[in-house]
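Data block below; observations after.
The values are calculated or read from the model by the stated rules, or taken from the named source; none is laboratory data. Please read these numbers as outputs of a predicted model, since none were measured by experiment. With ideal geometry, Cβ positions are generated from the backbone for all residues, glycine too; neighbour counts draw on all protein chains shown. Only protein heavy atoms, including side chains, enter the accessible area calculation; ligands, DNA and RNA are left aside. Shrake-Rupley method; radii C 1.70, N 1.55, O 1.52, S 1.80 Å.
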Amino acid sequence: MAHPSMLLHRHLASLPSNTFFFLPATLALFTTLFILFYIFTTPSLFISHQHKHNLKHPLGPSQSSPLTPSLPSNGSFHLSAKFPFNDVFGGEDGTVSPVSSRSHFGSKGNSMNDIDVFRDGDIFLEDYQQMNRSFKIYVYPHRRDDPFAHVFLPVDFEPGGNYASESYFKKALMNSHFITEDPRKADLFFLPFSIARLRHDRRVGGGGIQSFIRDYISNISTKYPYWNRTGGADHFYVACHSIGRSAMAKAEEVKLNAIQIVCSSSYFLPGYVAHKDASLPQVWPRTDDPPTITTSERKKLAFFAGAINSPVREKLVKFWRNDSEIYAHFGRLKTPYADELLGSKFCLHVKGFEVNTARIADSLYYGCVPIILANYYDLPFADILNWKSFSIAVVTVDIPLLKKILRGITSDEYSSLRGNVLKVRKHFQWHVPPIDFDAFYMVMYELWLRRSCIRMSND
C-alpha cells in the first residue's frame, strides 16, 4: 500500500498548476470561518472577569462624599454608605438603573428600559475611585506679581460667559487634592495659560497668542527638566475659545505631543488628535438647580435658535423656518430662551463656526433630548458616556429628513432618552467648589485615562 504522503503528492501533481494559487486562500477562508464560529458560540471566554462586579448596597444620593469601596476576594464590588451611588446611576427620584443592563433601540422600540448611560459603569466606578486616591498634577508656578499673573492664575470670581468652562476647570483644579508641589509625584503637568484671557489682553490679543505660547514653552523647557523628558507628552492645557486651536501654530510640540483639552474638538480639523486630546464641554454657567417639567408639557417637537453663521444652520433654517412642529429661529427670540427649551421634546445642537456650542449643555440642563447636527464632533466624555442612550446624532445631509427621523422615535424610546438625559446632566454642570461626578471630575477622569503608565525619572 502506498504511503499517504505519496498519495497526496500524486494527487497534487495531477492538479492544474493554477490550482495552487487557490489553496492558500481556501485554507485562510476556512480558518477565518472557524474562528468566527468559535467566537460567537463561546462568548463567555472573551468576557473579562476582572471587571464583572456585582454592585451592591445602593444608598441615598450624596453631593460630595468621598469614595470608599472595598474589593473583597470574591470579586464583588461593595459600596459603602459614603459612596454617592445614586448620583451616578440614579434618576431624579433616586431610583437606581442597573449597571449591567445594556439595552438598545429595537426595531419596534423594545428593550428600551435601563439603557446604561456609561460605556462601562463597573470600570468607571473602579477607575474613578483610583483616580481620586492617586492622581497627581503639577502646575508650573507663577507669582502673583507676574506681569501676566491674570493669564496663569485662576480667577478670583465666579466665572461667566460662553467660554466659562476654561476658568471653572482651572479654579477647581488649583484648589483640589489632585495638586502636588512635588513634580516627582506628578502624573501630568498643567500648562496654566488662559487662551481666553490672552485674547483679551491688549499686550497680546488674538494675533500675538501664537508667539506668547511659543515663548512660554521655551521658558519652561529651559528652566525645568520636565518638558524635555517626554517632549511634552505628559503635559496638558485647557482652552474653550476656538482661537485655542490655532494658538499652537508656533509651538508644534504642544499640538502634536501635549494633551489638548479643548471645546473645539473636531475630527475633521488639523491640530486635534482624537484619543490623545479630549473634548471640554462648553457650558453656560447656571447656579440654580435644573428645572423639572413633564413630557406632556413639551408641546413642540424640536427647537433651535441662533445666528446663521454656517452652511449647516443656513440649511436648517431654509428647510424648517416656517414649520409648525420644528421651530428653527435666527435672530432675537420673542420669548425667553429657557421657555423654548422647556417646551420642546428635542433641542437642536447645530454646528456654527465650530462643531461646539453650549446648546448641548443647555438642552440637558432643561431636560430636553439633544439632537446633534455637527459632523465630526468628538463629543465631551465620549470615552465614558454612551451618547446614544441620551441623544441622537443626525448627519447634516439628512436635515430635510429631520421631521421623519424624530417622528419615527417611539414614545418608549423617547421616554428612555429623556430619562437618561436627567441622569447625565449632572456631568455637564460646573460647581464652586466641585462636587463628585460634575464636569470638573469628568474632565479629570479623561485626563487620568491619558496619563502615561511610565513615570520618568528626574535623575
Checklist outcome for this item: Interchain or sequence-distant (5+) residues whose placed amide H lies within less than 5 Å of the amide H of Ala393 are Ile372
Checklist outcome for this item: Cross-link reach from Lys185 to lysines, straight Cα distance under 27 Å and at least 8 residues apart if same chain, gives Lys136, Lys170, Lys171, Lys223, Lys255, Lys276
Next on the checklist: In whole percent, and with a 1.4 Å probe on the protein chains, what portion of the accessible area of the range 351-398 is carbon and sulfur?
Outcome noted: 56
Next on the checklist: To make sure I understand the rule: partners must be lysines, Cα under 29 Å from the Cα of Lys315, and not fewer than 8 residues away in the same chain. Which ones qualify?
Outcome noted: Lys299, Lys300, Lys334, Lys345, Lys351, Lys388, Lys403, Lys404
Next on the checklist: For a test of the definition: using alpha carbon positions, the gyration tensor, and the 1.5 limit on a/c, classify the range 300-428 as rounded, prolate or oblate.
Outcome noted: rounded
Checklist outcome for this item: In nanometres, the difference between 0.36 nm per residue of separation and the alpha-carbon distance of Asp182 and Ser221 is 12.3 nm
Item to check | Computed FRET value (nearest 0.05) for Ser296 with Lys334, which takes r as the C-beta separation and R₀ as 35 Å | outcome: 0.90
Checklist outcome for this item: Expressed in nanometres to one decimal, the distance between label points 7 Å along Cα→Cβ at Ala393 and Arg229 is 3.6
Checklist outcome for this item: Each label sits 7 Å from Cα toward the beta-carbon; between Arg143 and Ala307 the label points are separated, in nm, by 4.1
Checklist entry - Which loop chymotrypsin sites (Phe, Trp or Tyr not before Pro) in the range 219-289, with loop taken from DSSP, have no more than 10 other Cβ atoms within 10 angstrom of their Cβ? => result Phe268
Checklist entry - What shape does the range 278-356 have by the C-alpha gyration tensor, where a ≥ b ≥ c are the square roots of the eigenvalues, rounded means a/c under 1.5, and otherwise prolate means a/b greater than b/c and oblate the rest? => result oblate
Item to check | Distance between modelled label sites at His150 and Asp323, nm, 7 Å Cα→Cβ extension | outcome: 4.5
Checklist entry - Relative contact order of the range 300-428: what whole-number percent is it, with Cα pairs under 8 angstrom and at least 6 residues apart? => result 24
Next on the checklist: Just to confirm the filter: which GluC sites (Glu not before Pro) across the range 166-254 are DSSP coil and have at most 15 other Cβ within 10 angstrom of their Cβ?
Outcome noted: Glu181
Checklist entry - So how strong a dipole does the range 259-315 carry about its Cα centre when Lys and Arg Cβ are +1 and Asp and Glu Cβ are -1, to the nearest 20 debye? => result 240
